Structure formats: C-alpha cells, structure tokens
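Notes for the one structure printed next.
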Amino acid sequence: MTSFTESASTALQLVISLDKGLLSIVGRSLSVSATACAIACVLGLLLGAWLGVARFAGRNVLLTLLNTFLAVPSVVVGLVVYLLLSRSGPLGYLGWLFSFKAMVLAQALLVLPVVTALTRQAVEDVENAHGEQLRSLGAGSLVRSLLLAWDERYALLTVIIASFGRAISEVGAVMIVGGNIDGFTRVMTTAIALETSKGDLPLALGLGLILLAVVLLLNVLIGLLRRWRENSEGSGTAKVAPVLQVSA
C-alpha cells in the first residue's frame with residue numbers, strides 16, 4: 001500500500017468518524033468566512049448598486065481602482081491588516097491581531113471589492129437597458145439602485161455565494177493576521193498548509209476533502225440559482241415588468 005492510499009484511507013476515517021479536532025477547524029473556518037462574507041456583502045451590495053446608477057466626476061477613476069483591488073493578492077491584504085492592527089499601528093489599541101476578529105476583517109476586505117464590482121456590473125447592465133423608463137417615472141439614483149438590485153436579486157445571490165467561496169478558500173491573509181494558532185485561529189486552509197509541511201497528510205487530506213465538498217456545494221447552489229432565475233424570468237423582454245410595477 002502506498003503512502004498516498006494510506007493517507008487517503010486515514011483521512012476518510014477522520015471525516016466519517018467526525019474527528020473533534022477536524023470538526024473544530026472546519027467550524028472555525030466556516031464561522032470566520034460566513035461573518036466576513038456577511039459584512040462584505042452588506043457593504044458591497046449597497047455600494048455596488050449605487051455605483052451602478054450614479055454618475056459623478058471621478059467615477060471612472062474609482063471604478064479603475066475597484067477593478068485593481070480585484071487582483072490584489074491575499075497576502076498583500078493580510079500585510080496591510082497586520083500593519084494596521086500591530087502594536088505600533090493605528091488600530092493596535094484594539095488588540096485584534098492574531099484573533100478571530102482580525103481574520104474576519106482581512107477576509108471582509110478581500111471579498112468587498114469582488115462583491116462591489118460584480119454588483120455594480122449587474123446593476124449597471126440593467127440600468128443601461130431600462131434605467132430611462134425609471135427616470136421617466138421620477139425615480140432618483142437611490143430608488144433606481146434599490147429597484148434594479150432587486151430585479152437582479154438572483155444574480156446577486158450568485159455573487160454572495162461566490163464571495164463566500166472566495167473567502168473560505170483564502171489562505172494568505174488569515175495566515176498573516178491570525179497566526180494559525182491551534183484551537184484559536186487555525187482554519188482549514190492554514191491547517192492544510194501547516195499539516196502538509198509537518199508531514200501529517202491524513203489530517204491535511206481530510207480537511208482538503210471537506211473544503212472541496214464545500215466548494216462543490218457552492219457551485220451546485222450557483223447552478224440551481226441560475227436555473228431558478230431562468231425559470232422565474234422567462235423571456236428577457238419581461239424582465240423589467242416587476243421593476244416598473246414596484247416603482248409605479
């Protein structure tokens with residue numbers, strides 16, 4: 001029997017037996033990512049919806065910066081948060097470094113540009129197609145952004161699910177600001193990296209299997225949402241009807 005098959009067999013046993021150490025890491029990882037995603041989505045959906053309809057001087061510059069932040073490596077985000085929360089940093093008095101809160105902050109900052117940019121694009125596409133009808137009814141920027149965001153609710157649900165996947169699969173930022181402390185700040189991705197370097201392949205593989213299962217579930221949900229959206233909306237010509245009915 002090869003080392004790989006032995007490790008895979010032991011990893012399956014850990015998953016099936018619901019090993020306490022494994023479940024603790026998984027639960028902490030889900031908690032950190034869900035909290036960060038919730039914070040980023042509340043801010044990102046509102047900001048993205050507003051940017052989708054607002055027109056102001058410097059908007060193109062702001063959008064360029066936003067799109068640039070999409071490509072920022074997670075380790076850079078972790079470094080920035082580390083400097084902010086370090087003892088000599090401007091937020092050092094909070095005492096958040098190497099804590100749950102620091103990891104949530106890092107992941108929220110990492111996910112926020114993704115949610116904002118995708119929401120902005122979705123709302124702006126509908127604004128370009130049907131915004132004139134809403135403006136003719138006297139709807140201002142705020143009303144249009146909210147109505148169009150609701151009209152794109154299925155697409156935005158997909159954005160939320162995708163942002164959670166981005167958060168839970170991230171490793172660099174939480175490694176830097178969380179410290180990968182066993183029992184406190186160790187999550188699935190950081191544990192996989194550590195256990196692999198230590199040679200504890202069964203635990204690393206077990207966590208990897210669970211992480212893959214979570215990502216698979218997220219992709220299944222995205223597929224179901226797309227099918228639900230297609231069935232609910234029908235033809236594209238009828239899409240603006242709910243918006244006009246609400247605004248009227």
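Return the single residue from TYR93, TYR82, TYR154 with maximal mean-square fluctuation; model: Gaussian network over the chain, springs between Cα atoms under 10 Å. The residue that fluctuates most here is TYR93. Listed by Cβ neighbour count within 10 Å, with the fewest neighbours leading, VAL143, VAL159 appear as VAL143, VAL159. For the range 161-218, averaging the sequence separation of C-alpha pairs within contact (under 8 Å, six or more residues apart) and dividing by the residue count gives a relative contact order of 31 percent. Ranking of ARG144, ARG87, ARG229, ARG59 by neighbouring Cβ atoms within 10 Å, starting from the fewest: ARG87, ARG59, ARG229, ARG144. Note on the range 18-247: the C-alpha convex hull projects to 14.8 nm² when averaged across all orientations.
Between TRP150 and LEU23, the simple spin-label model (points 7 angstrom out along Cα→Cβ) gives 4.2 nm.
Label zone (PHE69, point 7 Å along Cα-to-C-beta; backbone nitrogen cut-off 15 Å) within the range 108-151: 108-121. The spacing between the range 45-117 and the range 147-220, judged by their C-alpha centroids, is 18 Å.
Take every pair of alpha-carbon atoms less than 8 Å apart whose residues are at least six positions apart; their mean separation over the length of the chain yields a relative contact order of 31 percent.
When the inverse distances between all different Cα atoms of the range 60-162 are averaged and flipped, the Kirkwood radius reads 15.9 angstrom.
Assuming R0 = 35 Å, can you tell me the calculated FRET efficiency for the pair ASN219 and ASN60, based on Cβ-Cβ distance, to the nearest 0.05? Taking R0 as 35 Å, the efficiency between ASN219 and ASN60 is 0.60.
Of the residues GLY58, GLY206, GLY48, the one that moves most in a GNM of the chain with alpha-carbon contacts below 10 Å is GLY58. Here ARG227, ARG55, ARG135 are placed in order of increasing Cβ neighbour count within 10 Å, fewest first, which gives ARG55, ARG227, ARG135. Rg and Dmax, both from the Cα atoms of the range 1-124 and both in Å, are 19.6, 66. Calculated mean residue ellipticity at 222 nm for the chain: -26000 deg cm²/dmol, from DSSP H runs with n ≥ 4 weighted as -39500 (n - 2.57), summed, divided by the residue count and rounded to 500. Over all Cα atoms in the range 141-196, the spread is summed up by Rg and Dmax: 17.4, 51 Å. Helices in the chain that qualify as membrane-span-like (whole DSSP H runs, Cα extent of at least 18 Å along the helix axis, mean Kyte-Doolittle hydropathy of -1.0 or higher) are 3-16, 20-53, 100-136, 153-168, 201-233.
FYI, it's all coordinate maths here, none of it is from the lab. Predicted, not measured: the structure shown is a model, and the values here were computed from it. Because the Cβ atoms are built from the backbone with ideal geometry, glycine has one as well, and the counts that use them run over all protein chains shown.
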